[in-house]
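The values are calculated or read from the model by the stated rules, or taken from the named source; none is laboratory data. Remember, it's a predicted structure, so these values are computed and weren't measured experimentally. FYI the Cβ positions are ideal-geometry reconstructions off the backbone, even for glycines, and counts take in every protein chain you see.
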Amino acid sequence: MAEKWELYELEFIREVAGQISSRVIAEKLERTHGAIEAMARRLGISLATRPKAARWRDDEIKLLVSHSIPHVSKLTNRSTAAVRDKLYKLRGTSRRSEC
């Protein structure tokens, strides 16, 4: 029979979801990976984690001045959205303010 979930376990899942993998959550709570995923679904929580983006190097930033967004994207192996966002941050603007 499955153990009853404690409040601290549910709060922990809510707090770290998306920040650490569901396998690590399972280890920390001493529950199975399947149990963590099932509970997250019941709570309506996504456990998907996104890889952290690589930091922009100075030489990559310099490319933004002299090349198009698609070209910088290819040269740096970053998405065009990531290149555009970096360019907007450097300019001190946001996409929303330009609409």
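Residue 93 falls short on exactly one of the conditions (1) surrounded by 13 or more Cβ atoms within 10 Å (Cβ to Cβ); (2) part of a loop (DSSP other than H, G, I, E, B); (3) free of Cβ contacts under 8 Å to residues at least 12 places away in the same chain, and that condition is (1). Would you confirm whether any residue within the stretch 47-59 is in a helix (DSSP H, G or I) and free of Cβ contacts under 8 Å to residues at least 40 places away in the same chain? Yes, some residue in the stretch 47-59 is in a helix (DSSP H, G or I) and free of Cβ contacts under 8 Å to residues at least 40 places away in the same chain.
For the stretch 35-61, the set of residues classified as at pLDDT 90 or above and either touching a Cys at 6+ places or on another chain (Cβ under 7 Å) or closer than 18 Å to residue 83 by Cα (or both) consists of 55, 56, 57, 58, 59, 60, 61, listed by residue number.
Could you say whether any residue in the stretch 1-8 is loosely packed, with under 11 Cβ neighbours inside 10 Å, assigned to a helix (DSSP H, G or I) and at pLDDT 90 or above? Yes; the residues of the stretch 1-8 include at least one that is loosely packed, with under 11 Cβ neighbours inside 10 Å, assigned to a helix (DSSP H, G or I) and at pLDDT 90 or above. For the stretch 1-34, a tally of residues being without any contact (Cβ under 8 Å) to a residue 12 or more places away in the chain, polar (S, T, N, Q) and closer than 30 Å to residue 86 by Cα returns 0.
Going by the structure shown, is residue 37 among the acidic types (Asp, Glu), assigned to a loop (DSSP other than H, G, I, E, B) and more than 15 Å from the chain's Cα centre (by Cα)? Criteria not met by residue 37. Scanning the stretch 40-70 for residues that are of a type in the set (A, V, I, L, M, F, W, C) and surrounded by 11 or more Cβ atoms within 10 Å (Cβ to Cβ) yields 40, 43, 45, 47, 53, 54, 56, 61, 63, 64, 69. Could you pull out the residue among 40, 48, 17, 35 that is more than 29 Å from residue 91 (Cα to Cα), among the small types (Gly, Ala, Ser) and in contact with a strand residue (DSSP E or B) (Cβ under 7 Å, 6 or more places away or on another chain)? From the options 40, 48, 17, 35, the qualifying one is 40.
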